[in-house]
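See structure below.
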Amino acid sequence: MEASVELRHLKYFLAVAARENMRRAAGELGIAQPALSRQIADLEREMGVQLFERLPRGLRLSPGGMAFQIEAQKIMDDMGTAVSAARRAARGEAGSLQIGFVDAASWRGAFPKSVHRYRSQFPKVSLHLLPMASAEQLSRIGCGDLDGGFCYSFETIPSECENMPLRFDKMLLGVPQTYRWGKRRDLRLKDLSDEPFIWYRRSDAPRFHDALLQTITAAGLPMQIVQEVTNGTSMLSLISAGIGLGFVNSALTDRKPRHVALLPVRDLSLDLPLVFVWRKDNNAATLKRYIHLLQTIVGLVQP
């Protein structure tokens with residue numbers, strides 16, 4: 001039959017073993033000596049092992065007691081470690097966090113700043129950063145696969161989610177720097193007729209795709225699409241290679257290839273609202289810590 005030994009028994013035993021004196025151990029533990037003596041006797045009876053040899057003055061560990069002391073101390077040390085780990089997790093100082101991000105958000109602003117500070121302040125949190133399109137992020141946040149994400153709110157944000165506005169980006173026209181418009185600052189959409197365009201794949205951001213296309217076709221610009229891409233970085237690469245022109249997120253201005261120029265188009269007005277999104281019912285302490293840190297970066301709360 002298994003012995004029913006509780007943590008309090010281990011605590012009492014280790015205190016007596018360390019002092020080899022029942023009275024001093026009782027004083028250290030803050031309990032009466034008779035009560036401690038009964039607890040040790042109950043432990044020995046439950047285990048069927050004599051743990052102490054009773055001497056005229058004090059106690060001495062028996063061989064069985066010496067073996068039990070080593071294992072009991074390991075258990076108490078492990079319990080202390082477990083309690084500390086649980087407390088760190090409850091405070092959001094340990095655990096895991098999965099954050100999605102769009103390519104355009106990763107180069108500057110709140111995303112890189114928050115990641116750097118979070119990793120510095122909470123090194124025991126396993127932070128997983130997952131690049132993906134806005135639509136996929138919102139779907140995975142909505143079903144609980146992601147804790148949060150940096151995405152553009154053109155796509156439908158699920159009703160069960162909260163969002164924090166971060167900034168507004170704009171669309172610029174990307175052209176090879178040697179192109180005839182490489183230095184113009186007065187372009188209009190009608191000037192782009194009959195030009196070959198690199199375009200975004202609709203499945204990655206359908207509402208953004210449709211809004212951009214509607215804005216351009218409303219200006220009477222017929223689209224000659226020669227290539228589709230999934231993100232702005234690929235768009236810049238193909239513009240640099242001379243495949244065609246393309247509309248590029250202004251957030252990528254500092255990341256463009258040397259041979260690409262990004263130009264404003266006077267009648268292209270399409271704001272790109274970058275937000276951080278998370279589920280309202282996600283109570284993970286790691287996520288709460290991240291949200292608070294992000295709020296301090298964008299100035300919504302004081303550090």
Among (1) within 30 Å of Leu43 (Cα to Cα); (2) in a loop (DSSP other than H, G, I, E, B), Trp107 falls short only on (1)
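Scan Ala25, Ala105, Ala18 and give me the residue that is loosely packed, with under 15 Cβ neighbours inside 10 Å and among the aliphatic types (A, V, I, L, M).
On the way: Ala25 fails: loosely packed, with under 15 Cβ neighbours inside 10 Å; Ala105 fails: loosely packed, with under 15 Cβ neighbours inside 10 Å.
Sole residue among the options that is loosely packed, with under 15 Cβ neighbours inside 10 Å and among the aliphatic types (A, V, I, L, M): Ala18.
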Any idea which of (1) among the small types (Gly, Ala, Ser); (2) assigned by TED's automatic domain parsing to the domain that holds His259; (3) closer than 24 Å to Lys280 by Cβ is the one Ala211 doesn't satisfy?
-> (3)
Tally, over the stretch 181-200, of residues that are modelled with pLDDT under 90 and either of a type in the set (Ser, Thr, Tyr) or more than 19 Å from Leu268 (Cβ to Cβ) (or both) | 1
Screening His292, His259 for residues that are surrounded by fewer than 19 Cβ atoms within 10 Å (Cβ to Cβ), at pLDDT below 90 and on the phi < 0 side of the Ramachandran plot leaves only His259
Out of all the residues in the stretch 165-178, is one or more out of contact with any Phe, Trp or Tyr (no Cβ under 9 Å at 6 or more places or on another chain), on the phi < 0 side of the Ramachandran plot and among the aromatic types (Phe, Trp, Tyr)?
-> yes
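Which one is farthest from Ser269 (Cα to Cα), of the residues in the stretch 210-232 that are touching a helix residue (DSSP H, G or I) at 6+ places or on another chain (Cβ under 7 Å) and surrounded by fewer than 18 Cβ atoms within 10 Å (Cβ to Cβ)? Please lay out each step first, then the result.
Filtering the stretch 210-232 down to residues touching a helix residue (DSSP H, G or I) at 6+ places or on another chain (Cβ under 7 Å) leaves 216, 219-221, 223, 227, 229-232.
Now narrow it down to the ones that are surrounded by fewer than 18 Cβ atoms within 10 Å (Cβ to Cβ): 219-220, 223, 227, 230.
Values: Ala219: 11, Gly220: 15, Met223: 18, Gln227: 23, Thr230: 22 Å.
Here the residue is Gln227.
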Residues (hydrophobic (A, V, I, L, M, F, W, C), in contact with a helix residue (DSSP H, G or I) (Cβ under 6 Å, 6 or more places away or on another chain) and part of a loop (DSSP other than H, G, I, E, B)) located in the stretch 110-147 | Ala133, Leu146
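Could you please find all residues in the stretch 117-138 being of a type in the set (Ser, Thr, Tyr), touching a residue at least 12 places away in the same chain (Cβ under 8 Å) and surrounded by fewer than 21 Cβ atoms within 10 Å (Cβ to Cβ)? Explain how you work it out, then say what you get.
Quick first cut of the stretch 117-138, residues of a type in the set (Ser, Thr, Tyr) only: 118, 120, 126, 134.
Still in the running and touching a residue at least 12 places away in the same chain (Cβ under 8 Å): 118, 126, 134.
Result: Tyr118, Ser126.
Taking strands (runs of 3 or more DSSP E) that fall entirely within the stretch 189-303, which contain at least 1 residues that are farther than 21 Å from Thr178 by Cα? Even if it seems obvious, please write down each step before you answer.
Details: elements: 196-200, 224-229, 246-249, 260-263, 272-279.
It comes to 196-200, 224-229, 272-279.
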What residue, among those in the stretch 41-77 that are under 11 Å from Leu14 (Cβ atoms) and among the β-branched types (Val, Ile, Thr), is farthest from the chain's Cα centre (by Cα)?
-> Ile70
The stretch 213-224 residues that are closer than 18 Å to Leu172 by Cβ, paired with ones that are in a helix (DSSP H, G or I) and of a type outside the set (Val, Ile, Thr) (beta carbon under 8 Å, 6 or more apart) | Ile216/Leu189; Ala219/Leu189; Ala219/Lys190; Leu221/Leu189; Leu221/Lys190; Leu221/Leu192; Met223/Leu213
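The values are calculated or read from the model by the stated rules, or taken from the named source; none is laboratory data. Keep in mind the model is a prediction, meaning the values are calculated, not measured. Note: ideal-geometry Cβ built from the backbone for every residue, glycine included; neighbour counts use all protein chains shown.
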